[in-house]
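The values are calculated or read from the model by the stated rules, or taken from the named source; none is laboratory data. Just so it is clear, the structure is predicted and the values come from calculations on it, not from any experiment. A quick note on method: Cβ atoms are made from the backbone with ideal geometry, for glycine too, and the neighbour counts reach across all protein chains shown.
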């Protein structure tokens, strides 16, 4: 039993660190990585044929899944604390023109993710993570675009880009769930 608790804390710490790293990395990507960088605007990447989005969407989508994993390993309080930390990091690392939009969108989307994930997790971890991430990515996209630019022009691209990262994470979520069952590691 002691070994399982050590594993839970170690993995939870890894997920928490990865979650926290996504925030400044996403803000950095928006200004530095893309196939096209709009002058005084975001760097864009293709997310579907003829659809682009600011490059940071990839890590924002991943952060939604990682928040669920923090909660699975460390519990609700750690997940809530991670959201507050993420919002502070978002405000710290966002370009000055995007600080408010970035922090508010992060707070709303991550707490919405938590509100969906928490009741669904006992019914099915993978489905809960997907459903909560979809809710979170839509809220994040709408809130960020509206607060930052007063426009939803990039909404489709934002949603698609974040959804790609959630879909890419599904096999890892499934593997983790199956490994947890095998070793007897239940969620907190």
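Things to note:
- Qualifying residue in segment 39-51 (condition: buried (at least 22 other Cβ atoms within 10 Å of the Cβ), on the phi < 0 side of the Ramachandran plot and modelled with pLDDT under 95): yes
- Scanning segment 86-123 for residues that are closer than 30 Å to residue 4 by Cα, touching a helix residue (DSSP H, G or I) at 6+ places or on another chain (Cβ under 6 Å) and either in a loop (DSSP other than H, G, I, E, B) or touching a residue at least 60 places away in the same chain (Cβ under 8 Å) (or both) returns 86, 121.
- In segment 141-157, residue farthest from residue 52 (Cα to Cα) [restricted to those that are free of Cβ contacts under 8 Å to residues at least 40 places away in the same chain and part of a loop (DSSP other than H, G, I, E, B)]: 150
- Reported count of residues in segment 138-188, each being farther than 24 Å from residue 121 by Cα and either exposed (fewer than 15 other Cβ atoms within 10 Å of the Cβ) or out of contact with any strand residue (DSSP E or B) (no Cβ under 8 Å at 6 or more places or on another chain) (or both), is 13.
- Pairs where the first residue, in segment 171-184, is closer than 16 Å to residue 8 by Cα and the second is outside any helix (DSSP H, G or I), C-beta under 9 Å, 6+ apart: 177/124; 179/185; 180/186; 180/187; 184/1
- Failed criterion for residue 58 (all others in (1) touching a strand residue (DSSP E or B) at 6+ places or on another chain (Cβ under 8 Å); (2) over 19 Å from residue 15 (Cβ atoms) hold): (2)
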